[in-house]
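Undergrad: Got a structure here, written out as structure tokens. Questions coming.
The values are calculated or read from the model by the stated rules, or taken from the named source; none is laboratory data. Because the structure is a prediction, the values reported are computed rather than measured. Here the Cβ positions follow ideal geometry from the backbone for every residue, glycine too, while neighbour counts run over all protein chains shown. Each accessible area value is taken on the protein alone, full model and side chains, heavy atoms only, with ligands, DNA and RNA left out. Shrake-Rupley method; radii C 1.70, N 1.55, O 1.52, S 1.80 Å.
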Amino acid sequence: LCFTSLFSCTKLNEEPVSILDPKQYFKTEADAEASVMGIYGLLANADFYGRRLTMVLQLLGDDIDIADIGTQSSRIQLNSFTHDASNQDLLAVWKTAYLGIGAANAAIDGIPAVTMNEAKKSALIAEARLLRALYYYHLVQLFGDIPYIGEFVSDPSKVIAISKTPAAKVYENIIADCEYAIVNLPDTYANNNKARPSKGAAQTLLASVYMVLKKWDDAAKMAEAVINDANKYQYALVKDYNS
């Protein structure tokens, strides 16, 4: 009993290992690439573009309706506009968006320390910033004023009491990320890869942001830039609509 008592009172000092620290992780160009690719995994997650975000947006609009009245209650709530902050579909979108933002912030904070080609380094940072802008673009439209986190969080206790950021400021940050991406992203990728954002993708997102803000002249300027440089970005309509 004495032995057990002494053992149970032993103070254990543990170092947390569950949080990625950019200062420790980012050593090589491969690390920088992997950090950006990780952001896409969350973007394609079933709780975001994979299913839930698109379902939430469509149920709140006129695109789809509930066919099976026995479906889960969170979907019925969205479809009938009776949802609140406890809605499981909205919570899943919220959580996944901030996980994606966290991954983007890790890349943005960590990549500058990597020794590599400076143009490619800037392009990877621009890619992460554009993806961060995309996450916030959805969040601010769905929720209005939201907490804006613009740096990697290594100590979760520091954001426990974080307050909301006015939507106007969130849009300012989104625009800044898009503008950085326009300057630093490539026009195209090798092998005609359309899965990663080019300069044209950044201009397109910024045009959409300006339309949300009803800044019509700025939106037209960005949209026209994409149209005028369509050949440079290898954009074109398919010849047959069935394709």
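To keep it simple, each residue is scored yes or no on (1) of a type in the set (G, A, S); (2) closer than 20 Å to A133 by Cβ; (3) at pLDDT below 95.
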position	(1), (2), (3)
Q203	no, yes, no
M211	no, yes, no
K214	no, yes, no
D218	no, yes, no
E224	no, no, no
V238	no, no, yes
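Undergrad: Please go through segment 122-163 and give me each residue that is in contact with a Pro (Cβ under 6 Å, 6 or more places away or on another chain) and free of Cβ contacts under 8 Å to residues at least 60 places away in the same chain, ordered by number.
TA: D145, I162, listed by residue number.
Undergrad: If I filter segment 218-226 for residues that are within 18 Å of G100 (Cα to Cα) and in a helix (DSSP H, G or I), do I get at least one hit?
TA: No.
Undergrad: When you go through Y233, Y171 one by one, which is the residue that is in contact with an Asp or Glu (Cβ under 7 Å, 6 or more places away or on another chain) and surrounded by 15 or more Cβ atoms within 10 Å (Cβ to Cβ)?
TA: When all the criteria are applied, what remains is Y233.
Undergrad: Moving on. Considering only segment 150-184, state which residues are of a type in the set (G, A, S), part of a loop (DSSP other than H, G, I, E, B) and under 18 Å from the mean Cα position of the chain (by Cα).
TA: G150
Okay, residues lined up against (1) open to solvent by less than 20 Å² (accessible area, probe 1.4 Å); (2) at pLDDT below 95; (3) under 25 Å from T54 (Cα atoms):
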site	(1), (2), (3)
I108	no, no, no
L124	yes, no, no
R129	no, no, yes
Y137	no, no, yes
V140	yes, no, yes
D145	no, no, yes
D155	no, yes, no
K158	no, yes, no
A167	no, no, yes
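Undergrad: Further, regarding this structure: Which one of N87, N45 is in contact with a Gly (Cβ under 9 Å, 6 or more places away or on another chain) and closer than 26 Å to A133 by Cβ?
TA: Result: N45 is the single residue among N87, N45 that is in contact with a Gly (Cβ under 9 Å, 6 or more places away or on another chain) and closer than 26 Å to A133 by Cβ.
Undergrad: If you take the residues of segment 185-217 that are assigned to a helix (DSSP H, G or I) and at positive phi, which of them is most open to solvent (accessible area, probe 1.4 Å)?
TA: Among those residues, the one meeting the criterion is N191.
Undergrad: A follow-up question, please. Of all residues in segment 58-97, count the ones that are under 27 Å from I149 (Cα atoms), touching a residue at least 12 places away in the same chain (Cβ under 8 Å) and open to solvent by 60 Å² or more (accessible area, probe 1.4 Å).
TA: Looking only at that region, the number is 3.
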